[in-house]
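**Student:** One structure is given below, represented as structure tokens, and several questions about it will come after.
None of the figures in this text is laboratory data; all of them are computed from the coordinates on show. Worth saying up front: this structure is predicted, and the values here are computed from it rather than measured. We place every Cβ from the backbone using ideal geometry, glycine too, and count neighbours over all the protein chains shown.
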Amino acid sequence: MKTALRALFAVCALSAVTAHAFPEMIRHGYVNCTSCHFSPTGGGILTAYGRVQAEEVLSTWSKEGEGGVLHGLVGDTGPVSFGGQFRVLQMWKRDASFTTGRFIWMQNDLEAAVTAGPVTVVATAGIQDRADPFVSRRHYALWRTTETSPWTVRAGRFLYAYGINTPDHILATKRGIGLGEDTETYNVEFSYLAEHFDIFATAVLGFFNSGYDRGFALRGGWNLNDRSKIGVSFFAGDNGVRTRKLYGAYAMIGFTEHLFLLAQADLQNVVAGTGLGLGPAAYARVDYEFLKGLHGYASGEYSYLGGLTGYAAGLGVQWFPRPHFELRLHYDRRDDRNTGNVPAHYGWLMAHYYI
């Protein structure tokens with residue numbers, strides 16, 4: 001049981017640290033992530049326009065210029081953009097044996113983007129609570145011929161395009177299929193972002209000397225209307241020990257500006273030696289914005305991966321009181337590999353600040 005508890009703590013500590021991506025912004029008509037982020041798949045450092053949207057759309061209260069770097073204290077820096085992510089988490093867990101809790105520093109990362117002509121270079125630098133304390137989760141160069149060109153090429157370390165880019169890395173459709181925290185690899189990505197659809201094709205080179213997968217990924221999305229998108233994903237990779245294929249479908253549906261659905265379903269096929277593992281993973285979240293910046297939601301998961309069945313059902317509240325701040329309170333009733341396949345109740349309160 002102690003081993004299972006330590007594993008759960010580790011999972012919770014890693015369960016939203018890569019980037020603050022908010023795919024639910026699709027309900028406001030942002031069907032492509034490049035409206036607000038430098039990254040074609042979203043998350044990470046914001047563009048100047050994205051900072052304005054944090055004021056006008058995302059937050060409960062704001063004043064003009066507050067979404068800027070350090071609340072607007074840093075003015076126009078020309079071709080250089082700055083950002084950073086800081087997160088803390090208070091976690092509680094209860095099962096049939098005991099109740100416990102823990103406070104965790106999740107993330108301390110700075111990020112910068114420098115643009116020179118058609119090329120933008122993005123990199124993060126942070127500190128983590130591990131034997132090797134220094135980490136750069138993402139560093140890549142992005143090429144686009146013009147600001148309005150639908151074509152982009154990206155090379156470096158980042159998480160390849162697959163499914164919905166949600167920061168909740170504990171999910172079966174993230175960690176369960178090998179796309180959780182610290183799974184960024186070195187890749188070369190080609191993307192085409194058109195008005196009604198987008199296509200991503202990625203050569204996955206792996207993370208040097210780490211045994212990570214090497215292969216390729218494809219993702220395509222179709223905009224049903226101004227605030228809804230559906231898509232499919234595929235990945236094939238080999239790490240030298242086993243081969244793996246992923247087949248997925250996803251949907252981001254904005255029913256209104258206040259009500260939306262995020263859903264993803266995947267089928268994973270793993271072949272290792274003479275063994276074969278074929279199983280599904282699925283996730284759905286229904287969210288309602290009660291007032292500007294304040295959300296309530298319900299979520300559910302199902303998976304059958306590696307011969308283990310997993311279930312989770314949750315409720316949560318997410319609040320963006322002002323630009324740069326996010327608070328989230330979440331409860332789950334979970335029975336899966338994250339809890340050692342022991343039924344457990346757990347909850348967490350997360351505070352997130354971005355520069």
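**Student:** How long are the semi-axes of the equivalent ellipsoid of the stretch 161-263, defined as square roots of 5 times the Cα gyration tensor eigenvalues? Whole Å, largest first. Numbers along the way, then the final one.
**Tutor:** On the way: eigenvalues 146, 49, 22 Å².
Working through the eigenvalues yields semi-axes of 27, 16, 11 Å.
**Student:** Sorted by packing (mean other beta-carbon atoms within 10 Å per residue), highest first, where do 301-310, 277-286 land?
**Tutor:** Going by the mean number of other Cβ atoms within 10 Å, highest first, we get 277-286, 301-310.
**Student:** At a threshold of 8 angstrom on Cα-Cα distance, excluding pairs fewer than six apart, so keeping six or more, what relative contact order does the stretch 2-354 reach in percent?
**Tutor:** 16 percent
**Student:** When the Karplus curve 6.51 cos²θ - 1.76 cosθ + 1.60 is applied with θ = phi - 60°, which whole-Hz ³J(HN,Hα) does each residue of the stretch 189-200 get, with x for Gly and Pro?
**Tutor:** Those phi angles translate into 10, 10, 9, 10, 10, 9, 5, 10, 7, 9, 9, 10 Hz.
**Student:** Send over the per residue convex hull volume for the stretch 2-354, Cα only, as a whole number of Å³.
**Tutor:** Working: hull volume 45.1 nm³, N = 353.
Cα-based convex hull of the stretch 2-354, divided per residue, equals 128 Å³.
**Student:** Taking a cut-off of 29 Å between Cα atoms, list the lysines near Lys93, but don't count ones fewer than 8 places away on the same chain.
**Tutor:** Cross-link targets: Lys2, Lys174.
**Student:** Taking 30 Å as R0, compute the FRET efficiency from the Cβ-Cβ separation of Asp76 and Ala155 and round it to 0.05.
**Tutor:** The value I calculate is 0.60.
**Student:** Given 0.36 nm per residue, what is the gain on full extension from Val286 to Trp143 after removing their alpha carbon distance, in nm?
**Tutor:** Between Val286 and Trp143, full extension yields an extra 47.9 nm.
**Student:** Still on this structure, please answer the following. Which chymotrypsin sites (Phe, Trp or Tyr not before Pro) in the stretch 50-116 pass both tests, a DSSP loop state and at most 12 other beta-carbon atoms within 10 Å?
**Tutor:** Details: sites: Trp61, Phe82, Phe86, Trp92, Phe98, Phe103, Trp105; in loops: Trp61, Phe98.
Here the sparse-neighbourhood loop sites are Trp61, Phe98.
**Student:** Among residues other than Arg144 whose Cβ falls under 15 Å from its Cβ, what is the net charge (Lys/Arg +1, Asp/Glu -1)?
**Tutor:** -2
**Student:** For Lys63, go through the lysines and keep the ones whose alpha-carbon is under 20 Å away, minus same-chain ones fewer than eight residues off.
**Tutor:** Cross-link targets: Lys292.
**Student:** With r as the distance between the Cβ atoms of Trp92 and Tyr192 and R0 = 41 Å, compute the FRET efficiency 1/(1 + (r/R0)^6) and round to 0.05.
**Tutor:** 0.35
**Student:** Just to be sure I understand the model, the point goes 7 Å from the Cα along the line to the Cβ. What's the resulting Leu349 to Ala249 distance in nm?
**Tutor:** 4.1 nm
**Student:** Now for a separate question. Where does the chain land at 222 nm, in deg cm²/dmol rounded to the nearest 500, when only DSSP H runs of n ≥ 4 count, each adding -39500 (n - 2.57), divided by all residues?
**Tutor:** That comes out to -1500 deg cm²/dmol.
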